[in-house]
Amino acid sequence: MKYRTTTLESLIKKMQTNINLSKGIKEFQKNNKVYYKYSKWKNTYQFRINNSIVFARTYVDLEAPYPDSLKGKLKLNFNTSQILEPNKELWVPNLESLEIGRVIERGLRANVINLDKLVIDSERVWSISLELHCFSLDGNIIDCGFLAALESLKNAKIPFQEYQIEKQDINWINQDCFCKTLYYFDTKIIENISVYETSCSDSGICFILSDNKIIALQKLKGGEIPLPKFKEMLDIVFDQYTNYKWDLILSDNIWNNLYKTTKIFKVNEQVKN
Amino acid sequence: MRANNRNPDSIRDINLVLNPVGPNSCLWEQGDTHVIVNLSRFKNLIFLDNELKSESSLKYRYAMCNFSVENRIIGRPYSQKRSIEISKVSSHIFQNLLFLKQYSKEKFYICADVLYADGSTRAAAINASTVCLASSGLCMKGYATSISFGKFNQEILVDLDGKEDKQGDADCVITLCKPHNTLLMIQMQGYLTKQEFLKGLDLALKQSEKIYKIQKRLVQENEI
């Protein structure tokens, strides 16, 4: 989201005095509320962190491999709705969404999806197309998009029957992964940032971790970050990874507990089957 | 041992040519990676909306020429997702580095074309662009010095070449603002433990000093 400089200056002044710009939705350094659900629109998964909403859908298809590498294929598209940027011209590609898509793709490719296991033979591989669509923007969009992508991939079905291929149990997804974006503003490190705070902050770094390793990193925005602060960010992310992880959120038990007790679950279950 | 008998913490030989295709251009040869950068400067422009002007007054375009690699670049190289992303990330660096408010009636276009790719192309493009901007006498906060590091054969290496980039376990590019040593850009893919990452960062920091000295020496020679 872009603001005129006068608006930005007033927002920055408010942030310098520690005023929360999210109008009481959350405070600095507090954890977000994460919701997700299986929506009835064509097997999509909806993920929501605060008011950021991302829909994800995975298609799996059979294709010929690339000539220089015998591996499965991964194609990812991240789109933002035009509603989020009314000033922008229609059909002009959004560079920010392209960058977000590339960051998520890099994380998935590094250690989340095992593309080697998606090979059937030398002429056929499974191709995964992941479509992510953002309808509401309230900060943490990379984290939200990554979680939606992970949930969608976790539940993707490989169409063995359609192509008359012998069914195999392929363990191609590593669920032990964690995505966190931290922002830097005026010597302070901010996490769980809102959209207003994002536009005011100097810069941010997105960390994607898996199996106690860093698998993807990307610096967002152009501001400088002193190296000691960067190392502090790294410590914060590793602490959170070891203490929380996403296991709690993504475990099957919680998935069942969330929806079994409600009527919505029955509707969704029918669609799912 | 690496190609050209390099140590894990050593960088490839750097060869620089200033103004090879006209004023404000630079050819950066780092091993077999060859990048040519051209800075176009438009003066005395009139902007209707001064407030939003600063966002668009510097544009950066990174592209790999079709003949720079053996396969997979078909059609227009600058319309690829990778090129667009690198262009966007790199433009942030220079928008931050230049005092754009001092050049309120000017516009800058930086075009970086990779002539031959053998690893660390975006780092070479950023280093060459810095030389272009500094040698044209523009006011800057510092120099953007970029270097890559990664892991290949269980060893942390600095300044990866093409083979180490493709077959290695991890590939990371950092850009630092010299002499303040602040982080301007970082991009990583692969898998590194925290200790390995910090070790690579330290090695890259030491070697970036060498690149900074080369950039500075060339600019000073040009001024004389």
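The values are calculated or read from the model by the stated rules, or taken from the named source; none is laboratory data. Being a predicted model, the structure only gives us computed values, none of them experimental. FYI the Cβ positions are ideal-geometry reconstructions off the backbone, even for glycines, and counts take in every protein chain you see. Calculation scope for accessible area: heavy atoms of the full protein, side chains included, ligands and nucleic acids excluded. Shrake-Rupley method; radii C 1.70, N 1.55, O 1.52, S 1.80 Å.
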Exercise. Tell me which residues, restricted to segment A:204-229, are more than 8 Å from every other protein chain (Cβ to nearest Cβ) and either buried (at least 20 other Cβ atoms within 10 Å of the Cβ) or β-branched (Val, Ile, Thr) (or both).
Key: A:Gly204, A:Cys206, A:Phe207, A:Ile208, A:Leu209, A:Leu220
Quiz item: Out of all the residues in segment B:209-224, is one or more within 14 Å of another protein chain (Cβ to nearest Cβ) and among the polar types (S, T, N, Q)?
Solution: no
Quiz item: B:Ile156 versus (1) over 17 Å from the mean Cα position of the chain (by Cα); (2) open to solvent by 20 Å² or more (accessible area, probe 1.4 Å); (3) β-branched (Val, Ile, Thr): which is the lone unmet condition?
Solution: (2)
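Every residue, every condition in (1) open to solvent by less than 20 Å² (accessible area, probe 1.4 Å); (2) modelled with pLDDT of 75 or more; (3) more than 30 Å from A:Ser122 (Cβ to Cβ), yes or no:
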| position | (1), (2), (3) |
| --- | --- |
| A:Lys42 | no, no, yes |
| A:Arg48 | no, no, yes |
| A:Ser52 | yes, yes, yes |
| A:Arg57 | no, yes, no |
| A:Pro65 | no, yes, no |
| A:Leu70 | no, yes, no |
| A:Ile83 | no, no, yes |
Quiz item: For segment B:189-206, what are the residues that are more than 10 Å from chain A (Cβ to nearest Cβ) and surrounded by 18 or more Cβ atoms within 10 Å (Cβ to Cβ)?
Solution: B:Gly200, B:Leu203, B:Ala204
Quiz item: Give me the pairs: first residue in segment B:21-33 and part of a loop (DSSP other than H, G, I, E, B), second residue of a type in the set (S, T, N, Q), beta-carbon distance under 6 Å, and six or more apart or on different chains, which are they?
Solution: B:Asn24/B:Ser136
Quiz prompt | From A:Ile170, A:Ile120, residue being of a type in the set (Val, Ile, Thr) and at pLDDT 80 or above | solution = A:Ile120
Practice problem: List every residue pair whose Cβ atoms lie under 8 Å apart, where the two residues are 6 or more positions apart in sequence or sit on different chains, the first residue falls within segment A:211-231 and is in a helix (DSSP H, G or I), and the second residue, located anywhere, is at pLDDT below 90. | Solution: A:Leu227/B:Asn181; A:Lys229/A:Tyr184; A:Lys229/A:Thr187; A:Lys229/A:Ile189
Quiz item: Would it be correct to say that A:Asn212 is modelled with pLDDT under 80 and farther than 23 Å from A:Leu98 by Cβ?
Solution: no
Self-check item: Members of segment B:168-188 found to be more than 11 Å from chain A (Cβ to nearest Cβ) and within 20 Å of A:Arg109 (Cβ to Cβ), listed by number
Solution: B:Gly168
Quiz item: Is it true that B:Gly142 is within 14 Å of another protein chain (Cβ to nearest Cβ), small (Gly, Ala, Ser) and open to solvent by 10 Å² or more (accessible area, probe 1.4 Å)?
Solution: no
Practice problem: Confirm whether B:Gly137 is over 21 Å from B:Asp13 (Cβ atoms) and in contact with a His (Cβ under 7 Å, 6 or more places away or on another chain). | Solution: no
Practice problem: Quickly run through segment B:179-224 and pick out the residues that are in contact with a helix residue (DSSP H, G or I) (Cβ under 7 Å, 6 or more places away or on another chain), more than 13 Å from B:Val158 (Cβ to Cβ) and part of a helix (DSSP H, G or I). | Solution: B:Lys194, B:Gln215, B:Leu218, B:Val219, B:Asn222
Self-check item: Residues of segment A:102-128 classified as closer than 21 Å to A:Asn79 by Cβ and more than 15 Å from the chain's Cα centre (by Cα), total
Solution: 2
Exercise. Could you look through segment B:1-47, keep only residues that are closer than 29 Å to B:Lys101 by Cα and among the basic types (Lys, Arg), and pick out the one that is surrounded by the fewest Cβ atoms within 10 Å (Cβ to Cβ)?
Key: B:Lys43
Exercise. Report, ordered by the first and then the second residue, all pairs with beta carbons closer than 9 Å, sequence separation of six or more or different chains, a first member in segment A:162-173 that is closer than 18 Å to A:Glu63 by Cβ, and a second member that is open to solvent by 40 Å² or more (accessible area, probe 1.4 Å) and basic (Lys, Arg).
Key: A:Tyr163/A:Arg124; A:Ile165/A:Arg124; A:Ile170/A:Lys117; A:Trp172/A:Lys117
Practice problem: Looking only at segment A:173-201, count how many residues are closer than 16 Å to A:Phe230 by Cα and among the aliphatic types (A, V, I, L, M). | Solution: 3
Practice problem: Could you please find all residues in segment B:88-106 being over 11 Å from B:Met185 (Cβ atoms), open to solvent by less than 30 Å² (accessible area, probe 1.4 Å) and aromatic (Phe, Trp, Tyr)? | Solution: B:Tyr103
Self-check item: Which numbered condition B:Leu176 fails, given (1) open to solvent by less than 20 Å² (accessible area, probe 1.4 Å); (2) in a helix (DSSP H, G or I)
Solution: (2)
Practice problem: Identify the residue in segment A:137-168 that is in a loop (DSSP other than H, G, I, E, B) and small (Gly, Ala, Ser) and, among all such residues, is surrounded by the fewest Cβ atoms within 10 Å (Cβ to Cβ). | Solution: A:Ala156
Quiz item: Scanning for something within 9 Å of another protein chain (Cβ to nearest Cβ) and under 21 Å from the mean Cα position of the chain (by Cα), does segment A:175-182 turn up at least one residue?
Solution: no
Quiz item: Out of the residues in segment A:169-193 that are in a loop (DSSP other than H, G, I, E, B) and touching a Lys or Arg at 6+ places or on another chain (Cβ under 9 Å), which is farthest from A:Ile236 (Cα to Cα)?
Solution: A:Ile170
Exercise. State whether one or more residues within segment A:97-119 are open to solvent by 30 Å² or more (accessible area, probe 1.4 Å), within 14 Å of chain B (Cβ to nearest Cβ) and not in a helix (DSSP H, G or I).
Key: yes
